[in-house]
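All remarks here apply to the structure that follows.
Read the figures in this text as sums done on the coordinates, not as results from a lab. Quick caveat: nothing in here was measured; it's all calculated off a predicted structure. Please note: Cβ atoms are built from the backbone with ideal geometry, for glycine as well, and neighbour counts cover all protein chains shown.
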Amino acid sequence: MFNLTTTDSDGVQGDEDDSFWEMDDIFDENPEEDILELQPREKTEVEDPKEASEASHPEVEGLSSEDSFEIKQNQDDEEEDPASIIVEEPEKKWNRVLLGTTIPDGRPVYWEFGHNGLANRHMLIFGSSGQGKTYAIQCIQCEMVKFRQKSLIIDYTNGFLPDQLEPETNKMVSPKQHVVSNDPLPINPFLPQESDHGGIVIKQSANDVAKRIAGLFNAVYNIGDQQYSVLHRAIMDGVESLKEQMNLEQMLVIIEEMSNDKKFKSSAQTLYNKLRPFVLDKPFSHGKKGFDWETIFQDQDPLCNIFQLVGMDGYTQKLITEFILWDLYGYLQSKGKKTKPKVVILDEVQNLDHQENSPLSKYLREGRKFGLSLMLATQTMSNMKKDEQDRMFNAEHKLFFRPADTELMSFARIAASFTMKSQDDWMKKLSSLKKGECFSIGRALNEKTGQLIQRAEKISITALKDRGFNE
Ligand SMILES: Nc1ncnc2c1ncn2[C@@H]1O[C@H](COP(=O)(O)OP(=O)(O)OP(=O)(O)O)[C@@H](O)[C@H]1O
Ligand SMILES: [Mg+2]
């Protein structure tokens, strides 16, 4: 269990009610998740205030207001906590990303991106329109240029078009735009994926492929059981008979043929009409081989690739994004090395599929195994189910910008449920934020002990022009 303590301006703990926060054990409902092994587990409830006081940090240096607080684990959890690794070298040997400076005392705050004490390298960025989420993403990308970190953006938001990017991003990161409506992606979603299970390689069956693709269309179009069954059958038949020649056009042909069969007639016709516009967009130039993901993440320019989905309708954008994420997942499962970080940026992620079997949820749960780092930004989480919110909150580092007035209460409730701090308190804290300001919640380096500790701090994201890039 984490104790989340607040301190006043003298570094002294606040009064009893306020001083002892418990980090809700959000992982109970997802026992299989990676993070579970890495997070300290709840042992016993600390109810005695004296005990609570001992377990919390007696003196939190440098934390000067209620807007900075530590989330510290109990002594007896120490062995289980990967973040309790003592950093012996005086200089930092891992890659860190400057996020901003604390308010009001101006200490730098970092995302300790390359530290092996992090449970995962995911970043969740939340806040209303115009508060600085996309700007923060670009700041992080520019900082990552220092250690030549590669990234991929799938842009279904028009937020990363060349004229939308900050001048520093264009200059330093020089992202390469792949405009999908001009140049279809060489992805063949019908190829069976392979996964490596500790040296044993398992190849997907036609049934697995059919479930994956039918599930994806279902997530976007919400097709009923009967249409799902027609689609599953069409894909499975196609993959079995056509092998690597199977593609979206063939899928449509098979569905059309099925509509001549009395058994499937009406469902097949409805399904055909639903899927046809997407297939006509020709998003993929199906290759017999898988997409060459190595080139996206290998050590050469461009540092950032953008799959640009501008000019397509919302459904098509969403479908293509899900197909890309699935394809990347296939690559990661067979070839993704834990040691090589791969950053994937998804802005306005509320538009994607967050269900349990979606690629996004797999990335959040298992991404660490493959070296995957997600940077996810969203304006809302109130439309998500509890398990979906939990997965998002698994991101080791979080930036909370000011929510929209309509979101404030529900987000404060979500934040409260993860910190056991009151909803009112979070409402006050979040509504005090100005543009470019946020709460940074994640593992931070305690310079005195060399340990990483959970810390929440109110920060101002340092503007690009103040980051010394032009010096
Ligand atoms: N930390 C900052 N320093 C300087 N300018 C900033 C900062 N944060 C945001 N801005 C300015 O505010 C503008 C809006 O921010 P941004 O586009 O990042 O908002 P957003 O949260 O992504 O909104 P939306 O959800 O609508 O995409 C930026 O284009 C930038 O000019
Ligand atoms: Mg934005």
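For the set 133/385; 211/282; 146/340, the pairs lying more than 19 angstrom apart at their alpha carbons are 133/385; 211/282.
Rounded, prolate or oblate for the stretch 403-446? Axes are the square roots of the Cα gyration tensor eigenvalues, ordered a ≥ b ≥ c, and the cut-off for rounded is a/c under 1.5. Note, shape of the stretch 403-446 comes out oblate.
Loop-located trypsin sites (Lys or Arg not before Pro) in the stretch 166-266 (DSSP state not H, G, I, E or B) with no more than 13 neighbouring Cβ atoms inside 10 Å: 262, 263. Charged side chains reduced to their Cβ positions (Lys and Arg at +1, Asp and Glu at -1) give the stretch 194-280 a dipole of some 320 debye around its Cα centre. Length gained on full extension, residue 470 to residue 170, computed as 0.36 nm times the residue gap minus the Cα-Cα distance: 106.7 nm. Between the beta carbons of residue 422 and residue 240, assuming R0 = 51 Å, the FRET efficiency works out to 0.35 to the nearest 0.05.
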